[in-house]
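Colleague: Here it is: the structure, laid out below.
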Amino acid sequence: MEDIDVTQHREAFSFVQALAIEVSEGRVELPSYPEAATRVQRALSSDDVDPAVVVSAVGSEPALALRVLKMANSALLNPMGRQVLDLKTAVSRIGYNMVRTASVSFVVEQLRQSEQLRELRPQLAELWHESVVLAALARVVAMRQTRVNPDVALLAGLLHGVGKLYILMRLQELPRLLVYPETCERILREWHGGVARAILENWGVPDEVGEAVQEFESLDRDLLRTASLSEVLTAASLFALFRANLPDKSPTADDLSRLVSHNTRFWERLRIDAPQALDLLATAEAEIEALHAVLGH
């Protein structure tokens, strides 16, 4: 047993040390990242975004273009049902943050279908489902309780697990460490935020999204004058955890009272009490279903 513990410690230390170097040197990038998605991220990270360049980048990959058109015609983003047939109008209608969302969902779908990552498919599917749920919840919280842009909140929710995605892929290369699931889980928990922020910086995603993804799990941080994207993501993650632990999807006011009785200062800041939380979760169920319909399961 002692030899196993020593081996476990050595493998974990080496992995974390390599991870720290990759983050500090900005060498954190998902493998097999589609070229079309790279072009989209590059177009959107420009100081002066050119709509024609964005449309061209999206149109360079038929699957991504279809995804953007599907989003533009979805009940989630097109409640009036006015059909959009051309990519230029679709990009204009959904906005750049939702184009980023389409690009991210396209990347994840490509990774999930990769033969190289076949053994990770169950974990990737679970992580994607968690991301969609958190994204929908974040959009509802932002829209109903704050001045945070709901589309940015949705994007942040969708990206909150990108650090875990990267670490899972790197761990796959180290079977000797994978035999210690508790150690791997601790690495994921402690490192995914910093890794995610490094990835998002490489992608040119707005700083506020990277900051939120890195710090949303910390409930003891200083609160700003107005509710921030980080707090929206925190609320969404707490709702998501609560929802996942329900025996069914029919929470009561008493259930929500127990949730908001913890971290009361945080919930009061967002003006969320038990009845409000119950209403938010009910609204979010439709959003989750609609977002899954647009982005896939």
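Colleague: Treat every Asp and Glu Cβ in the chain as -1 and every Lys and Arg Cβ as +1, leave all other atoms uncharged, and give the resulting dipole magnitude about the Cα centre to the nearest 20 debye. Working shown, then result.
Modeller: Values: 30 positive and 41 negative charges, 177 e Å.
Around 840 debye, computed over the chain.
Colleague: Moving on to the next point. Starting from region 118-187, pick out the trypsin sites (Lys or Arg not before Pro) whose DSSP state is loop and whose Cβ has at most 14 other Cβ atoms within 10 Å.
Modeller: Counting only loop positions with at most 14 other Cβ atoms within 10 Å, the trypsin sites (Lys or Arg not before Pro) in region 118-187 are ARG147.
Colleague: When a/c is below 1.5 the answer is rounded, else prolate if a/b is larger than b/c, else oblate, so apply that to region 210-297 with a ≥ b ≥ c taken from the square roots of the Cα gyration tensor eigenvalues.
Modeller: Details: a/c = 1.98, a/b = 1.19, b/c = 1.66.
Oblate, since a/c reaches 1.5 and b/c is not below a/b.
Colleague: When the dipole is taken about the Cα centre of region 185-297, and only Lys, Arg (+1) and Asp, Glu (-1) are charged at their Cβ, what size is it in debye, to the nearest 20? Mind showing how you got there, number by number?
Modeller: Numbers: 11 positive and 20 negative charges, 30 e Å.
That gives region 185-297 a dipole magnitude of about 140 debye.
Colleague: For region 31-113, what relative contact order do you get, as a whole percent, if you take Cα pairs closer than 8 Å and at least 6 residues apart? Show your work: numbers first, answer last.
Modeller: Details: 72 pairs, mean separation 27.5, N = 83.
Averaging sequence separation for qualifying contacts and normalising by length gives 33 percent for region 31-113.
Colleague: Net charge near GLU35: determine it from the other residues with C-beta under 14 Å of the C-beta of GLU35, scoring Lys and Arg +1 and Asp and Glu -1. The partial results should precede the final answer.
Modeller: On the way: positive: ARG39, ARG42; negative: GLU29, GLU61.
Net local charge, GLU35 excluded: 0.
Colleague: At 222 nm, what value in deg cm²/dmol follows for the chain if DSSP H runs of at least 4 each add -39500 (n - 2.57) and the sum is divided by all its residues, to the nearest 500?
Modeller: Details: 16 runs with 212 residues, N = 297.
Mean residue ellipticity at 222 nm (helix-derived): -22500 deg cm²/dmol.
Colleague: Starting from 0 in steps of 10 Å, tell me what percent of the Cα-Cα pairs of region 121-171 lands in each bin.
Modeller: For region 121-171, the pair-distance distribution reads 29, 43, 22, 7.
Colleague: Sticking with this one: What is the diffusion coefficient of region 31-113 in µm²/s, taking the Kirkwood radius over Cα pairs and the Stokes-Einstein relation at 20 °C with a viscosity of 1.002 mPa s? Please report the intermediate quantities before stating the final value.
Modeller: Working: Rh = 12.7 Å.
Approximately 168 µm²/s, per Stokes-Einstein.
Colleague: Follow-up question, since we're still on this one. Among ASP254, ASP248, what is the fewest-to-most ranking by other Cβ atoms within 10 Å?
Modeller: Details: ASP254 9, ASP248 5.
Ordered by Cβ neighbours within 10 Å, fewest first: ASP248, ASP254.
Colleague: If you don't mind, there's one more thing I want to ask. Using only Cα atoms, figure out Rg for the chain and give it as a multiple of 2.2 N^0.38 Å.
Modeller: On the way: Rg = 19.7 Å, N = 297, 2.2 N^0.38 = 19.1 Å.
Here the answer is 1.03, to two decimals.
Colleague: Along the charge dipole of region 112-177, Cβ charges K/R +1 and D/E -1, which of TRP128, GLN113, MET169 sits furthest on the positive end?
Modeller: TRP128
Colleague: Return the whole-Å distance between the Cα centroid of region 83-158 and the Cα centroid of region 226-297.
Modeller: Region 83-158 and region 226-297 have Cα centres spaced 18 Å from each other.
Just so you know, all these numbers are worked out from the coordinates, no wet-lab data involved. Because the structure is a prediction, the values reported are computed rather than measured. Using ideal geometry, Cβ is built from the backbone for each residue, glycine included, and neighbour counts are taken over all protein chains shown.
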